[in-house]
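Data block below; observations after.
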Amino acid sequence: MGETVAGIVANPASGRDIRRLVAQASVFPTSEKANMVQRVLAAFAVTGLDRALLSTDLGGISATVLRALGRGGTWPKVDFCEDDPLTGTAADTTNAVRRMVEAGAGVIVVLGGDGTARVAAAACDDVPLLALSTGTNNAFPQVREATVAGLAAGLIATGQIDPDLVTHRVSVLEVVTKARREIALVDVCVSLSRHIGARALWDPSSLTELYCTFAEPDGIGLSSVPGQLCPSPRSSPDGVALQLGPVGETPYVVQAPIAPGLVRPVGVRGWGLLRPGVRVELAAAGGVIALDGERELELKTGESAFVELKPDGPWVVDVRAAMAEAARKGLLRIETELGKERRR
Amino acid sequence: MTDALRGAYRVMRTIRVFEERLRQEFTTGEFTTGELPASGHRYAGEEALATGVCLHLDARDAIAGTHRRHDHRIAKGADVKAVLAEIHGRQIGSRHPPGLANGALGGVPMLICGTALAAKQQDTGGVGVAFLGDDAANPGTTLEALHLASAWHLPVIFVAEDIGYADRVVGFGVPGVIVDGADFFAVHEVAGEAIDRARGGGGPTLLEVGFTRHRGPVGGDHDCLQRFRARVTGSGELAEQVLDDIDAEVAKLIEESVAEAKTAPKSAWYDSAADVYVSY
C-alpha cells in the first residue's frame, strides 16, 4: 500500500441558521469544531495514517488547526486544500471533497449537519464518508466522539480494516429539474412558499409532499413525521412518501420534532412506500423544494421536477462495526512482555 | 405580496442609483457648488441587506450605521432628496434627522444600546439596529455593547459584516445567525424573526453577513438586484416590464434630486456642532 490518506472537511457555517431564532437550536462553536478536527488527527496518528488532508475556511477552524500544527504534536503529515479560492458557500465543501478524492483519500470525515453531509455525499464518489454532527438537524451525521471516529476512519484508510466489512451504501433521493440534479440523504419536501429565503425549513404549514430515505421513530427533522406514522429502518431498500396538508384538513396530524426546539403539528393526508427506481413527479411548480431540511430549489411556474429513490448513494462508515472489527483483530491491542509471560 | 416586492425592489434600486450618481459626482467633480461637506462611502452590492432589514422597521425604531450610513437611511424611508441635499450641505424641506452614524466604528453599538434602552423603558416596542462593518466588530466597545444588550435584554439587532462574529457572541448568550447578505429574501426572513423576537422581549440577536465590497460596477451572482430580478420574474410574481418601469421612475427621481440639491439654499443647520451638544 502506498501513502495512506484521509480527509477532514469542517463546515464553518454549520449550526448558524435561522433556527437559532425560531427555535432553541444550539450554536456549535468554531473552537469546538477545531478541537474535534484535532481529536480526529490525534487518533489518525495512532492508526499510522501517513497524511491528512484538511479543508480550509474563513471561519477560523483551519487557522486554529494550523496554529496547533506550529506547536508540534503527534499528528500525521497535515496538508490543507488550498488550491481552490474560498467562496463562503457550499462550493467550498464540494471543492475540498473533490480534492480529497483526487488525492486518494481512503475515508473522508465530515463535520457539519445534514446540509454539509449532503453536499459532501454528492462529491465523494466511492470514498466512504464518516459524518459527525456539528449542525442543527442531524438525522444523517452521527453524534459520536471524534476521537473514536478518528480511530475507525484511520484504521480503514490505512487498510487495517477491510472497508467492505464496516461500510455500507445508503440510498439517496435524487431530484431532477430542468436545470439541476441534486441529491438528498434523508428527505425531500415540497413547499408552497415562493422563495428559498433563509433556507432552513422551520414552518411546516406550507408543505405538500414529503419523501424520505428512512424514517425512525426517534428521528429529528421532517423524517420524524413518517417516523411516527410508518417507520422505515435505514436498512430497508424502500423509502416512504407522504402527502401533507393544512392541519384541520387532513385525517392525521403528527406532533413532530421538525427541528431542535420545534415540535409542530403536521397534517398528513396519506402515505405509502417509495420503491427504488420509481420516478415520481413533484407538484412543485412555482414553489420550493427542500433537501434535507433546507430550501434549495426554486421552481418557476410550469417547471417540472422529479424525485427518485436511488440505492447507489455514498458509502458510509459504521463506526461501531469498525471498532468491533478492530477489537476482533486486536488492532489497538499490544501484548507486552508481562502479558506474554503471564500467558506462558 | 407583489406590492411588497415592488416596494422592496424600488428601495434597493434607489440606493443603487443614488450611489452610482453620487460616485459620478465625486469622480467627475460635477458639483457646481464645489463643496461636498458630507462624505459618500460606497455601499453598492449591499442594498439587499439595508432593505431586507429596514423594511421591518417603523417610526419607533432607530438605526445606527457606520460611515456608509446614507443607504440605511434611504432604506428606512428617509426622503432621498433631503439626504442628497444634506450631502451637498444644503437643505430641502424640513430638517431631516441625520440618523446615527459614527466615524469611530466601535461607537455605533453603544449608541444603539442607548436607543434600545430608551425604547424598553418607555415601552414603545421599538428596536435598535446597529450596522457594523469595516472591522467595527473588533473594538472593545462592541463587546461591551453586546454584553450590555445581553445583560439588560435590550431589543437590539447587531448586523455584523465581519466574518466570524456569529460564533463570538455565543459566550454572551446572544444567538448568532449567518445569512447571505446579498439575498434579499434570506435577509428579510431572518431580520423579520430577529426584530419580532426583540419587539416581543426576546432580547438581542447578531446577524452575520458576508460581502465583497464593490468598487466598480456590481454584477453577476453577487449582485443582489440581479438576483432579486431573476427570482421574482422566474417565479412569475413580477414582470420584467414592471421592474423596468421602476428603474425608470428611480432614475428620474435621482436626476431630479441632484438638480434640486444643486440649486437648494445652503443649509442653515449644517453645522459640525449640530446634534453634538445640548443645553440643560
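The values are calculated or read from the model by the stated rules, or taken from the named source; none is laboratory data. Since we're looking at a predicted model, the values are computed, not measured. Ideal geometry is used to build each Cβ from the backbone, glycine not excepted, and the neighbour counts take in all protein chains shown. Accessible surface is based on the protein model in full, side chains and every heavy atom, while ligands, DNA and RNA are left aside. Shrake-Rupley method; radii C 1.70, N 1.55, O 1.52, S 1.80 Å.
At-a-glance table
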| quantity | calculated |
| --- | --- |
| Backbone HN-Hα couplings from phi across the range B:77-91 [Karplus 6.51/-1.76/1.60, Hz, Gly and Pro as x] | x, 5, 5, 4, 4, 5, 5, 5, 4, 4, 4, 7, x, 10, 10 |
| Reduction of at least 30 Å² in accessible surface, 1.4 Å probe, comparing all protein chains with the chain by itself, residues of the range A:184-228 | A:ARG194, A:HIS195, A:GLY197, A:ALA198, A:TRP202 |
| For chain A, convex hull of alpha carbons as volume per residue, Å³ | 150 |
| Charge-dipole axis of the range A:217-344 as Lys and Arg at +1 and Asp and Glu at -1 on Cβ define it, positive-most pick from A:ILE220, A:ALA321, A:LEU332 | A:LEU332 |
| Equivalent ellipsoid semi-axes - Cα gyration tensor, the range A:160-206, angstrom | 33, 14, 9 |
| FRET efficiency, 1/(1 + (r/R0)^6) with R0 35 Å, evaluated for A:ARG169 and A:ALA283 via beta carbons | 0.70 |
| Amide H partners (placed H, <5 Å) of A:GLU209, local residues excluded | A:VAL190, A:LEU244 |
| Over 26 Å (Cα to Cα) - which of A:LYS77/A:LYS310; B:LYS120/B:LYS266; B:LYS76/B:LYS262; A:LYS33/A:LYS77; A:LYS300/B:LYS81 fall in this group | A:LYS77/A:LYS310; B:LYS120/B:LYS266; A:LYS300/B:LYS81 |
| Relative packing of peptides A:181-191, A:121-131, A:257-267 - highest average C-beta neighbours within 10 Å first | A:181-191, A:121-131, A:257-267 |
| Residue-wise HN-Hα coupling along the range A:273-281, computed from phi with Karplus coefficients 6.51, -1.76, 1.60 (Hz; x: Gly, Pro) | 6, 10, 7, x, x, 9, 8, 10, 7 |
| Surrounding net charge for A:THR158, when Lys and Arg each add one and Asp and Glu each subtract one, Cβ distance under 12 Å | -2 |
| Length released on extending from A:GLU249 to A:VAL148, taking residue separation times 0.36 nm less the Cα-Cα span | 31.6 nm |
| Area of A:LYS77 that stays accessible when all protein chains are in place (1.4 Å probe, Å², to 10) | 110 |
| Ratio of the Cα radius of gyration of the protein assembly as shown to 2.2 N^0.38 Å, where N counts its residues | 1.07 |
| Shielding by partners, peptide B:166-176 (average Cβ within 10 angstrom, other chains) | 5 |
| With 5 Å bins from 0: P(r) over the range A:218-344, alpha-carbon pairs, percent | 2, 8, 11, 15, 17, 13, 7, 5, 4, 4, 4, 4, 2, 2, 1, 0 |
| Paramagnetic reach from B:GLU144 in the range B:106-120 [backbone N under 18 Å; point 7 Å along Cα→Cβ] | B:106-118 |
| With every protein chain in place, the range A:152-294: carbon and sulfur % of accessible area (1.4 Å) | 52 |
| Amide H partners (placed H, <5 Å) of A:ALA131, local residues excluded | A:VAL110, A:GLN142, A:VAL317 |
| Whole-Hz ³J(HN,Hα) from phi, Karplus 6.51 cos²θ - 1.76 cosθ + 1.60, for the range A:203-216, glycine and proline x | 10, x, 5, 9, 8, 10, 9, 9, 10, 10, 6, 8, 8, 9 |
| For A:15-26, mean number of other protein chain Cβ atoms within 10 Å | 6 |
| Debye, to nearest 20: dipole size of the protein assembly as shown, +1 on Lys, Arg Cβ, -1 on Asp, Glu Cβ | 1140 |
| Accessible surface, the range A:191-335, averaged per residue in Å² (probe 1.4 Å) | 44 |
| Where B meets A: accessible area buried, both sides, 1.4 Å probe, Å² | 1900 |
| Relative packing of B:81-90, A:104-113, B:176-185, which averages over residues the other C-beta atoms within 10 Å, highest first | A:104-113, B:176-185, B:81-90 |
| FRET E, pair A:ASP312, B:LYS266, Förster distance 51 Å, beta-carbon r, rounded to 0.05 | 0.10 |
| Residues whose placed amide H lies under 5 Å from that of A:VAL253, excluding near-sequence neighbours | A:VAL268 |
| Probe 1.4 Å - accessible area at B:SER257, Å² to nearest ten | 0 |
| Rounded, prolate or oblate (a/c below 1.5 giving rounded, otherwise prolate when a/b exceeds b/c) for the range A:29-154 by Cα gyration tensor | rounded |
